[in-house]
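Below: one structure, written as structure tokens.
The values are calculated or read from the model by the stated rules, or taken from the named source; none is laboratory data. Just so it is clear, the structure is predicted and the values come from calculations on it, not from any experiment. Using ideal geometry, Cβ is built from the backbone for each residue, glycine included, and neighbour counts are taken over all protein chains shown. The protein model used for the area step is the full one, side chains on, heavy atoms only, and it has no ligands, DNA or RNA in it. Shrake-Rupley method; radii C 1.70, N 1.55, O 1.52, S 1.80 Å.
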Amino acid sequence: MTLAFVTGIGGQDGSYLAERLLADGVEVHALARASAGPLPHCPAAVTLHAGDLNDTHAVRGLLLELAPDEVYNLAAISSVAQSWQEPEAVRRVNGDAAIELMASSYAVMQAVARPVRFVQASSAEIFGAPTTSPQDEGSPLAPTNPYGEAKALAHRAVGTWRERGLAAIAVILYNHESPRRPERFVTRKITRGVADIVRGRAETLVLGNLDASRDWGWAPDHVDAMVRAARHPVAQDYVVSTGESRSVREFAAAAFAHAGIVDWERHVRVDPSLMRPTDAADLRGDSTRARRDLGWQPTRSFTEVVAAMVEADLNGR
Ligand code: GDP
């Protein structure tokens, strides 16, 4: 039986990944911070181990004990905006601890004398200010915020450990959304705001930069790409993206439209204090390699992602 070790189980992707792996018959173990509180979407069949990714010594001991076949590193401080408030903590978790987990996975591989597949949740933010669009696996790293900088550190280390013999893979994830997205992300903030307005609980939705564009996909699709990448005989990096970018404005318009509100701009107020010091320019991914080598493709269009999120928020409360 395949045994997988997952970090970041409390997040959107961790829960979808656990569901996916369990459905495949994989035994799933996960690291969970005691301080993280309840994990509402985590399947009961996951074996949780209390610990913190920053406690690299303890994590190494745990990995050596479990000797997983697959390691998925999804743990991260995931807010780009917040990364300006605590750049050091972000570098430690998203950068250093990720790299240390690669070293520990390599130690497992040596101890058990069989391959360990390591999947790093890399991010489109490593391309921050791209000179070309769409970006692919060969695009230069140009992060523009501490989140991207830390992710770029870990991203480079994936290549280093792969050279060393670890089956290390970076999946370069573009934004991916779902009803499990926390409200600190703009998509869920919008869909929840729309539901509140429809229900008469709010009149206005306050947003920042409406012109920012992102390549927005469906989170379970991106998780599917991670698993496919882990199982592919060749360990290599993959851009995971839809290839289409849409603005926050377009997301908001689509969300309101799905709820039957056409004159949506009446309900939106822009607050300049929500604008970021730097905002990624045109992040749009070229996922040709993943589509060709992994047989992967997005299953939901932009409109379908928006609709699923609005529906969930309309039905949720
Ligand atoms: P990110 O791409 O991982 O930073 O995901 P977010 O959902 O946090 O932000 C996506 C884009 O939406 C960024 O360019 C933000 O500047 C923009 N944006 C506009 N208004 C808001 C808002 O109210 N909250 C957030 N989080 N982002 C916003």
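In this label model, ALA107 and ASP196 are separated by 4.6 nm, measuring between points 7 Å along each Cα→Cβ vector.
In sequence order, region 112-118 has phi-based couplings of 9, 6, 8, x, 10, 8, 10 Hz under the Karplus curve 6.51 cos²θ - 1.76 cosθ + 1.60, θ = phi - 60°, and Gly or Pro positions carry x. Of the beta bridges in region 154-310, as assigned by DSSP with both residues counted there, near 20 percent are antiparallel.
Segment MET275..GLU86, full-extension length gain: 66.3 nm, with 0.36 nm per residue of separation and the alpha-carbon distance subtracted. Which of the three applies to region 18-118, rounded, prolate or oblate, going by the alpha-carbon gyration tensor with a ≥ b ≥ c and a/c under 1.5 meaning rounded? Taking the square roots of the gyration eigenvalues as a ≥ b ≥ c, region 18-118 is oblate.
Under a Gaussian network description of the chain, with springs only between Cα atoms under 10 Å, the residue in GLY295, GLY95, GLY217 that fluctuates furthest is GLY295. Share of carbon and sulfur in the accessible area of the chain stands at 49%, probe radius 1.4 Å. In this simple spin-label approximation, THR288 and GLU183 carry label points 7 Å from Cα along the Cα→Cβ vector, and these lie 4.3 nm apart. 3J(HN,Hα) couplings calculated from phi for region 18-29 with the Karplus curve 6.51 cos²θ - 1.76 cosθ + 1.60 (θ = phi - 60°) are, in sequence order, 4, 4, 5, 5, 4, 4, 7, x, 7, 7, 10, 10 Hz; Gly and Pro show x. Working from Cα pairs under 8 Å separated by at least six residues, relative contact order for the chain is 17 percent.
When the P(r) is computed for the chain, the part past 26 Å accounts for 45% of the Cα-Cα pairs. Once the other residues with Cβ under 10 Å from the Cβ of ALA45 are scored (Lys, Arg +1; Asp, Glu -1), what is the net sum? Net charge in that neighbourhood comes out at -2. Please identify every one of the GluC sites (Glu not before Pro) in region 143-225 that sits in a loop by DSSP and has no more than 10 other beta carbons within 10 Å of its own beta carbon. Sites meeting the loop and neighbour criteria: GLU203. Proximity of backbone amide H atoms, modeled 1.01 Å from N, is registered between ARG117 and GLU70, VAL71 at under 5 Å, excluding neighbours fewer than 5 places apart on the same chain. Here the gap between ALA34 and VAL234, fully extended at 0.36 nm per residue and compared with their Cα-Cα distance, gives a gain of 68.4 nm.
Which one of GLU19, GLU265, GLU70 has the biggest mean-square fluctuation once the chain is modelled by GNM with Cα springs under 10 Å? In this elastic network of the chain, the residue with the biggest mean-square fluctuation among GLU19, GLU265, GLU70 is GLU265.
Where both partners of a DSSP beta bridge lie in region 55-173, what percent of those bridges are antiparallel, to the nearest 5? About 0 percent, rounded to the nearest 5.
Accessible surface of ARG184, taken over heavy atoms with a 1.4 Å probe and every protein chain present, rounds to 140 Å².
When both bridge partners sit in the chain, DSSP labels roughly 5% of those beta bridges antiparallel.
Here the extension length gained between THR299 and ASN209 equals 29.6 nm, from 0.36 nm per residue of separation less the Cα-Cα distance. Shown in residue order for region 140-149 are the 3J(HN,Hα) couplings computed by the Karplus curve 6.51 cos²θ - 1.76 cosθ + 1.60 at θ = phi - 60°: x, 6, 8, x, 10, 8, x, 5, x, 5 Hz (x for Gly and Pro). Where only DSSP H runs of four or more residues are counted, the chain gives -12000 deg cm²/dmol as its mean residue ellipticity at 222 nm, each run worth -39500 (n - 2.57). Cα axis of helix 219-231 to longest principal axis of the chain: angle in degrees, 0 to 90, nearest 10? For 219-231 against the chain, the angle is about 20 degrees. Among ALA219, ALA167, ALA107, the residue with the largest mean-square fluctuation in a Gaussian network model of the chain, with springs joining Cα atoms closer than 10 Å, is ALA107.
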